[in-house]
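One structure is given here, and the rest of the page talks about it.
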Amino acid sequence: MIDIQFVGTGGAFDVEQGNSAAWITFKGKKILLDCGHTVYPRLREKGLAGAMDYILLTHLHDDHVGSLSTLIFHQKYAEHKRAKILHSTADFGDLLFSFLRFSQQNPADYSDFLPLWQFPGGGISYIDTTGMHAASMPTFAYLFEDEDEILCYSGDIGNAYLFMSHFEKYPTNKKVRIFNEIIFYPNIKSHCYYKDLALLASKYEVYAYHVNHLQAPADNEIALVGNFPKFLL
């Protein structure tokens with residue numbers, strides 16, 4: 001089974017829950033998925049700020065990359081190692097490089113930027129979700145596949161049927177676990193409204209994140225990551 005734990009489970013403003021970010025152990029490697037402004041301090045508290053083998057990002061909003069530069073500096077100066085950053089597409093790799101130039105001048109001095117296909121053993125693919133969260137903003141969902149299961153991680157999207165559409169097009173007999181972002185407020189097209197995830201949850205094992213789980217409506221039937229200690233780092 002692919003192991004996933006969350007460094008934080010909240011959205012941009014959920015300070016106690018922390019920004020949503022996942023710590024994934026896959027094919028013997030540790031992957032940090034997203035690195036918002038609360039993530040580096042939490043990794044320091046856990047003694048894990050230098051422990052990841054790779055960094056992977058869904059998009060460049062601050063609650064997903066806000067402490068990335070600091071984490072990279074920590075690896076360079078405290079751990080004496082270069083960060084390894086996987087990118088889904090060449091264009092997104094260039095965009096990330098430009099983003100890091102604001103704080104690092106020459107990001108190549110600190111990190112190796114690697115296309116996703118160079119991950120040892122393969123098994124990580126992406127779905128381009130550009131425009132589903134913010135207009136024209138590059139965003140990506142990820143799928144981690146081994147011999148037993150497929151683990152899906154949505155990133156921020158406004159499409160509750162993304163993974164359902166994917167598996168209708170590419171059916172599988174493997175176990176599917178989906179970690180999908182969610183919101184409790186209607187009519188916000190940049191995130192998945194919890195009631196819209198009901199159909200997805202009826203077909204697959206679905207867990208939701210990117211919210212304060214303590215504020216869940218009484219009629220919410222979607223399993224929330226924050227309620228499962230096994231998923232919390």
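Worth pointing out:
- Note on region 205-218: residues that are in contact (Cβ under 8 Å) with a residue 12 or more places away in the chain and over 24 Å from residue 7 (Cβ atoms) amount to 1.
- If you go through region 222-233 and keep only what is surrounded by 12 or more Cβ atoms within 10 Å (Cβ to Cβ) and either in contact with a Pro (Cβ under 7 Å, 6 or more places away or on another chain) or of a type outside the set (Val, Ile, Thr) (or both), you end up with 223, 224, 226, 227, 228, 231, 232, 233.
Okay, residues lined up against (1) assigned to a helix (DSSP H, G or I); (2) modelled with pLDDT under 95; (3) of a type outside the set (A, V, I, L, M, F, W, C); (4) under 21 Å from residue 126 (Cβ atoms):
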residue	(1), (2), (3), (4)
37	no, no, yes, no
41	yes, no, yes, no
79	no, no, yes, no
85	no, no, no, yes
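- Condition broken by residue 143, with the remaining ones in (1) modelled with pLDDT under 95; (2) within 13 Å of the chain's Cα centre (by Cα); (3) aliphatic (A, V, I, L, M) satisfied: (1)
- Qualifying residue in region 108-130 (condition: in contact with a His (Cβ under 7 Å, 6 or more places away or on another chain) and in a loop (DSSP other than H, G, I, E, B)): no
- Members of region 129-181 that are within 20 Å of residue 193 (Cβ to Cβ) and without any contact (Cβ under 8 Å) to a residue 24 or more places away in the chain: 131, 135, 165
- Of all the numbered requirements in (1) surrounded by 12 or more Cβ atoms within 10 Å (Cβ to Cβ); (2) under 27 Å from residue 205 (Cβ atoms), residue 147 misses one, and that requirement is (1).
- Among the residues here, residue 163 qualifies as assigned to a helix (DSSP H, G or I), over 21 Å from residue 96 (Cβ atoms) and under 16 Å from the mean Cα position of the chain (by Cα).
- Conditions (1) farther than 21 Å from residue 120 by Cβ; (2) of a type in the set (Gly, Ala, Ser); (3) in contact with a strand residue (DSSP E or B) (Cβ under 8 Å, 6 or more places away or on another chain); number of the one not met by residue 51: (1)
The values are calculated or read from the model by the stated rules, or taken from the named source; none is laboratory data. Just so it is clear, the structure is predicted and the values come from calculations on it, not from any experiment. Note that we place each Cβ from the backbone using ideal geometry, even for glycine, and neighbour counts take in every protein chain shown.
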